[in-house]
Amino acid sequence: MNFAIGYGLILLFFILVIYVMERNHRETDNFEEFSVAGRSFGSWFQTMAFLNTWLPGTIFIAFAGLSASLGVIGYYVISYSLLAVLFMYYLADRVFDWGKRHNLKTQSDFVGMRYNSDAVRVTAAIIGVVSMFPWIVLGLQSLGLVFSYLSFGLVSPEQAVFVSIAVLAIRQYWTVRLGMRGIVISDMVQGIIAYGVGGLLSIGFIVMLLRSDHGFDKLAESFATLPSFGSDLGPLYYFSIVLTGALGSWCWPDIFVRLFTAKSAQTVKNSAFKAAPLMFLFLALMLTAAMLASSMPEVAAAPDNVWFLLASHGGPVILSVAGICVLAATMGNINALTQATGVHAAQDIFHVKGGTDRQITRTARIIVGITTILAIIGAIMTVNTTAGLLTLALAAYQGIVQLAPSLYLGLLWKRPTAPAAVLGMIVGFVVAVILQFLYPVSIPALGGLTSGVVGLICNTAVLVGVTMLTPAKSIETQRVSALFA
Amino acid sequence: MRDRSATERWILIVNLIIMLFPPIHLFFAGGSMTMALVYFFGSGLILVGSMMVLRSMGDNRGEE
């Protein structure tokens, strides 16, 4: 009976999402429609698409687990997520304006146009595609946890990964066929369920915990501390993870494209105004519930399962609804990642020299399919190594953030040149990868700075240094001045 | 217009300092749960409030 409730609710959820997508679909080979949905969405759709891309299902698992095992350090996700929303406001005018004026469809397209360079475009696309892949595999594994819990013991965690792969493979049919319009429309449904229902469940969990003697007074003193002087991680560790998260936010290709799917720059700003309070409320409630639950013995033993363990106190229906929240968040994220991978690889790598809309759209669809297959293989090969994969996914942040100097300085400053941008990205990426291998968490000798932040410092120094030593030619200076006018 | 631009710049700087400046979060998250929650929820509310201030300014109330 419980199995029927769990898997039955999953089926209902799928039918609802597919029904909404099919009602609103437009079949087309137009690449602008496939990649940015014709720049047609209003602020509520933009808000939910941003949230559903930004907050993956693992927010209920690994990030909630961090709060449940270590306390307030888990709240760092609130700080960097809100900074990302603030940046959205400041980026809106210029990015949307340049995007519309030059018919830009991807982040790599954007930096390629800014620096008038295919090398910048291809380098940014490769860094983006490589960094997104571990998150797709991690998403598949998050789904495995959902299918395992909602089977109420009938499906083992290992078998559940295979079930989730089968379900995702079916779901990807609509991502391949409908492109960005299907993703944004499904994000509305998935976002309401994941963060609306998820937020309400979190309130219920907090009330339950406070009434059953699991209040703030039961938390260990260490839960209210951050790594400081004399700690293993170092006093600059927290600063580093918030900085990397915030600067890295708009470096993710699937997030950046949200600036292009809106109707206008004002729409982007309005979606930032809506996203800030929604994101703050949801994260504050969910992470607080997870932290309070740490005093429960079963949560202390398996902190990553805190969301499901809390929900199991409400019976099979509440547990199933909680699982649907994770499923909804994961679906939105995986769809956005695979679609962004397809579009970037097709337009900015394989067809960087140009191609017809039909050719690029076809290539993008094929790559979405291939990426899904590769992620499935990756998930099968790492079925028992979730922790290692999460480390790899978080390490991807140290790589993706190396796009930040070229992206942000290119928006704020007229002088950076293409060679400076390419060299900066390559140096930053290589430094970050090497240091990440040597110091996976933080670098004690540098006060707790992370590999990504050291890479950023080198990256910025190279970008500024090369720019100053080799200024752009006058024709390029005039082009950039016209762009900024 | 210049006033608006200056306000926007200050809002960005203040929020970056609150969220990123190590002495602030190391002071608040030093072992007292009340202080830690005041910092994390307070800094979040300040940023949400900043967005409301930005919205109330000039053309941000306009149509999409």
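The values are calculated or read from the model by the stated rules, or taken from the named source; none is laboratory data. It should be emphasised that the depicted structure is a prediction, and the values quoted were computed from it without experimental measurement. All Cβ positions, glycine included, derive from the backbone under ideal geometry; neighbour counts span all protein chains shown.
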If A:THR356 satisfies all but one of (1) within 14 Å of chain B (Cβ to nearest Cβ); (2) more than 29 Å from A:VAL207 (Cα to Cα); (3) of a type outside the set (Lys, Arg), what's the number of the condition it fails?
(1)
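Run down B:ILE46, B:ILE24, B:ILE18 and say which single residue is touching a Gly at 6+ places or on another chain (Cβ under 9 Å), within 30 Å of A:ASP217 (Cα to Cα), more than 8 Å from chain A (Cβ to nearest Cβ) and part of a helix (DSSP H, G or I). Step through it out loud before you land on a result.
Numbers: B:ILE46 fails: touching a Gly at 6+ places or on another chain (Cβ under 9 Å); B:ILE24 fails: touching a Gly at 6+ places or on another chain (Cβ under 9 Å).
Within the list B:ILE46, B:ILE24, B:ILE18, the selection yields B:ILE18.
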Does A:MET208 qualify as being out of contact with any Lys or Arg (no Cβ under 8 Å at 6 or more places or on another chain), more than 8 Å from chain B (Cβ to nearest Cβ) and buried (at least 24 other Cβ atoms within 10 Å of the Cβ)?
no
Among helices (runs of 4 or more DSSP H) entirely inside the stretch A:255-351, those with 1 or more residues being over 18 Å from the mean Cα position of the chain (by Cα) and within 14 Å of chain B (Cβ to nearest Cβ) are A:265-292
A:LEU178 being assigned to a helix (DSSP H, G or I) and within 19 Å of the chain's Cα centre (by Cα):
no
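Rundown of residues vs (1) within 19 Å of A:VAL242 (Cα to Cα); (2) β-branched (Val, Ile, Thr); (3) in a helix (DSSP H, G or I), yes/no style:
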| site | (1), (2), (3) |
| --- | --- |
| A:MET425 | no, no, yes |
| A:VAL431 | no, yes, yes |
| A:PHE437 | no, no, yes |
| A:PRO440 | yes, no, no |
| A:ILE457 | yes, yes, yes |
| A:ALA461 | no, no, yes |
| A:VAL464 | no, yes, yes |
Taking B:GLU8, is it at pLDDT below 95, closer than 28 Å to A:GLN46 by Cα and facing chain A (nearest Cβ under 7 Å)?
no
Flagged in the stretch A:149-177 as surrounded by fewer than 23 Cβ atoms within 10 Å (Cβ to Cβ), over 22 Å from A:ILE59 (Cα atoms) and among the β-branched types (Val, Ile, Thr), in numbering order, are A:VAL155, A:ILE170, A:VAL176
